[in-house]
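Take a look at the structure set out below.
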Amino acid sequence: MSDALIVEPTGAEAPTRRVKQRGSGELTIRRLLRDRAALGAFGFILLLIIFALCAPLVAAATGHGMAQQFRDTGLTSAGIPKGPGHTFLLGTDSLGRDVLVRLAYGARVSLLVGVVASLVAAAIGVTIGTIAGYFGGWADLLLSRLIDLVMSVPFLLCALALVSVRGPSLTLSICVIIFFSWTHIGRVVRSQVLSLRQREFVEAARSLGSGPVSIIVRDVLPNLTVPIVVYTTMMIPSSIVFEATLSFLGLGIVPPAASWGGMLSEALNGSLYMVAWWMVVFPGGILLLTTLAFNILGDGLRDALDPKARRVGFVWLTRRRRASRSEKKAAA
Amino acid sequence: MIRLVITRLVFGAVVLIALSIFVFGLFFIAPGDPARALGGDEASAQLLAQIRHSLGLDDPIYVQYLRFIDNALHGNLGFSYHSQESVLTLIAERIPATASLVLGGVVVWLLIGIPVGVASARSPGSARDRLGQGFTLVGLSFPSFVLGMLMLFVLYFLPRQANFTLFPAGGYAPLSEGVGQWAWHLVLPWFTLALVNAAIYARLTRGQLLDVLGEDYIRTARAKGISERRVVYKHGLRSTLTAIITQLGSDVAMLLGGAIITEQVFNLQGVGALAITAVTAQDRPVIIGVVLLGGTFVVVANVIVDILYGLLDPRIRLA
C-alpha cells in the first residue's frame, strides 16, 4: 500500500503536475513532521531517554554517586543544602547528595514505570475490551461490571492500603498503577469493537469461515490501532504522575533510590524547599515537562493518525489551526 | 428511572462488599502481627494471646469478617489500635477539613473550567481557543503536589521574606474561628485542587459543547433569533451538563474520601491525612474504615448522579 504510484502523463494533454500516491504511513509521518509542538515534545522525550540511559555516566562525570552523601562539601556549615554551583551543578539535597545525579536516576524510574505500566495496562485493557465487545452477552455484562467496579474504587486509598501491607517497592508500584489504569482503554476498545463487529467486512470474514480469534486479530484489532496507540501514549504521563505521587507519599520507590516524587517529598519535609528552591524547581520542573511532552505527543499522534476526526483536543502551535478556522467558516 | 436507581443501588452494594472483602483479605494475608505491635516486643506469649482474643483475631477469618460487617451495619467500624478511639469518631473529626477543601475546590474549578471550555468551543481555532487549550494542556500535566509547593513558595514564602503574611503556610482553621480565617487558610489548597481539575472540565466542556453546537436544534434556536449567549448557555450547555455531572459525581466522591495530596502539602488534618497516618502506623481498623468510607461516597454519588440525570434529561425520566 505504501508503494508510490506515479501517474504517467498520457497523450497530448499531458498534465504538468505529477500525482503521487502516498501510503497511510507516509502521510501520517508527513502530518506528524508538520506538527512542531509534537516534534518538540518528541525531541524532549528522546533527550530524557538519553539522560536516563546515561545516568551512570552523569554520576561518573561528576564523581558523585547516586546515594553518596557529601556532608562536608555538599552542605553549608549550618547543614543547609548548597545551591547550584561548580561542584554541584544543580545543587545538593538535605543529605548533601547531588541533585543532578539523582534526577538522572529518577528519570530511569519514571520512564520505566510510565512505559511498562502503560504497555501492560493497555494490553489488559485491549484484551478485556475486545472480549467484552466482540462476544457480548454474559461476557460483556461480567467484564463491563468489572470495569465499573475497578473504576468506582477509591484508587489512591486502596493503593495506600495495599502498599502498607506489602511494603513499598518498584514492582508493587507498577502493579498498582496497572491495576487502576487499564479500565479506561478497556471501555473505549469495548465500545469500538461493539460497533465494528456489525460491519460488513466482519460479516464477510465470518461467512468465509473465519473463527472469532482470526476475526479479532485480522479484522477488528487492526482497525483500532489509532485509539490504542493514542490512549497508550496518553497513559504514560498519568502513570508517571501516579508513581511520583506514590513516592511523594513515601509509598513508592524505597529510599535511598532516587525518584522525582521522593525528591519532592524530601524538599517538602520540614519546608526545606523554602531555603533550597532548587530541591523543588528541578525535580518538579522535569516532572512537569515530561508529562507535558507526553501529553503533547499524544495529541499530535491522534491528529496525525486520524485527520478526519474532529479535533476535540489541542490545536496548539500547529500550522493546521488555520485550516480548522477556515473549516469553521465553511460550516458557518 | 426508579429501576435505574435500584440497579445502581444493588451495584453499589456489590462494590462495597467487594471492597470490604478486598481490604479485609489484604490484612489477613499481611505479614506482621497486630497483637505484637500493640503489646510491644517484651510481651509474653500469654499477653499476646489475650490481646488476640480481645480483638477477636483468634477466630477464623470469615467469622471476623461477618462480625465486622455486622458491627459496621450497626454504625461501629471498630476501634483504632493506637488511640483506642472509635474509627467512626476519628473519621468524623476529619470530615469538616476535607469537606471544606473539596466543596470549595469544586466551586473554584467549575467557575474556571466551564467558562474556559465554553469560550473555547464558541470559537474553535481562535486565539482565545488556543489560550484555553494551552491552559488545559498545562493544567492536565501539572502534578498537584508540584503546583501546591509552587503556590506555597510564591504566595507564602516570598511575601513572608518581605515580612508580609499574604497567606498562611497551611493548616486548617475550623469555621468556629470565623469564615474569614477559614477561607483564608483554604484559598491556596482550593486553587491547588482546582487548577488541575479545571483543565479536565474545560476539556470536557469544550468537547461536548463542540458536538452539541453542531446539532439541528441549535440551528433552529439561532434561526428563532435568540441571542447567541442564550443559545450557548441555555440550549447548548444544558445538554453537556449530563457529561459534566457524571464526571463531577465521581470526582467529588473520590476526593471526599481524602484529598490526600493536597492535604499532605498544606498540612490539612483531613481524612486523607488520617489515612496516611494510619498507613504509616499500620493501624488496620482505621485504614479499613477510611477505604470503606471512600467507597460509600462513590456509591452514593453514583446514585445522586442518576437521579440528577432524570431531572436534567426528560428522555431518561420518562423511559
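Quick notes on this one:
- Any chance B:Ile114 is closer than 25 Å to B:Leu26 by Cβ and assigned to a helix (DSSP H, G or I): no
- Meeting the requirement of 3 or more residues that are among the small types (Gly, Ala, Ser) and more than 14 Å from chain A (Cβ to nearest Cβ), the helices (runs of 4 or more DSSP H) wholly within the stretch B:159-259 are B:179-213.
- The number of residues in the stretch B:282-292 being at the interface with another protein chain (Cβ under 9 Å from one of its Cβ atoms) and of a type in the set (A, V, I, L, M, F, W, C) comes to 4.
- Hits in the stretch B:116-131 (condition: touching a helix residue (DSSP H, G or I) at 6+ places or on another chain (Cβ under 9 Å), surrounded by fewer than 23 Cβ atoms within 10 Å (Cβ to Cβ) and not charged (D, E, K, R)): B:Val118, B:Ala119, B:Ser123, B:Gly125, B:Ser126, B:Leu131
- Check on A:Leu264, at pLDDT 85 or above, at the interface with chain B (Cβ under 10 Å from one of its Cβ atoms) and either under 30 Å from A:Ser24 (Cβ atoms) or in contact with a Gly (Cβ under 9 Å, 6 or more places away or on another chain) (or both): yes
- Filter pass, B:Ala273 being in contact with a helix residue (DSSP H, G or I) (Cβ under 6 Å, 6 or more places away or on another chain), at the interface with chain A (Cβ under 9 Å from one of its Cβ atoms), more than 22 Å from A:Met151 (Cα to Cα) and not aromatic (Phe, Trp, Tyr): no
- The helices (runs of 4 or more DSSP H) located wholly in the stretch A:148-215 that include 3 or more residues which are within 19 Å of the chain's Cα centre (by Cα), closer than 17 Å to A:Gly129 by Cα and within 14 Å of chain B (Cβ to nearest Cβ) occupy A:170-196.
- Filter pass, B:Gly310 being surrounded by 17 or more Cβ atoms within 10 Å (Cβ to Cβ) and more than 12 Å from every other protein chain (Cβ to nearest Cβ): yes
- Unique match (being aromatic (Phe, Trp, Tyr), surrounded by 18 or more Cβ atoms within 10 Å (Cβ to Cβ) and either more than 30 Å from A:Gly25 (Cα to Cα) or in contact with a strand residue (DSSP E or B) (Cβ under 8 Å, 6 or more places away or on another chain) (or both)) among A:Tyr273, A:Tyr231: A:Tyr273
- A single member of B:Gly105, B:Gly75, B:Gly148 is more than 14 Å from chain A (Cβ to nearest Cβ), crowded, with 22+ Cβ neighbours inside 10 Å and closer than 30 Å to B:Leu292 by Cβ, and it is B:Gly105.
- Flag if A:Gly125 is small (Gly, Ala, Ser) and either under 23 Å from A:Ser181 (Cα atoms) or in contact (Cβ under 8 Å) with a residue 24 or more places away in the chain (or both): yes
- The C-beta contact set for the stretch A:166-189 (first residue free of Cβ contacts under 8 Å to residues at least 24 places away in the same chain, second residue buried (at least 18 other Cβ atoms within 10 Å of the Cβ) and part of a helix (DSSP H, G or I), distance under 7 angstrom, 6+ apart or interchain) comprises A:Arg166/A:Leu172; A:Leu172/A:Val163.
The values are calculated or read from the model by the stated rules, or taken from the named source; none is laboratory data. Remember, predicted model here, so these are calculated numbers, not experimental data. Methodologically, a virtual Cβ is constructed for each residue, glycine included, from the backbone with ideal geometry; neighbour enumeration extends over all protein chains shown.
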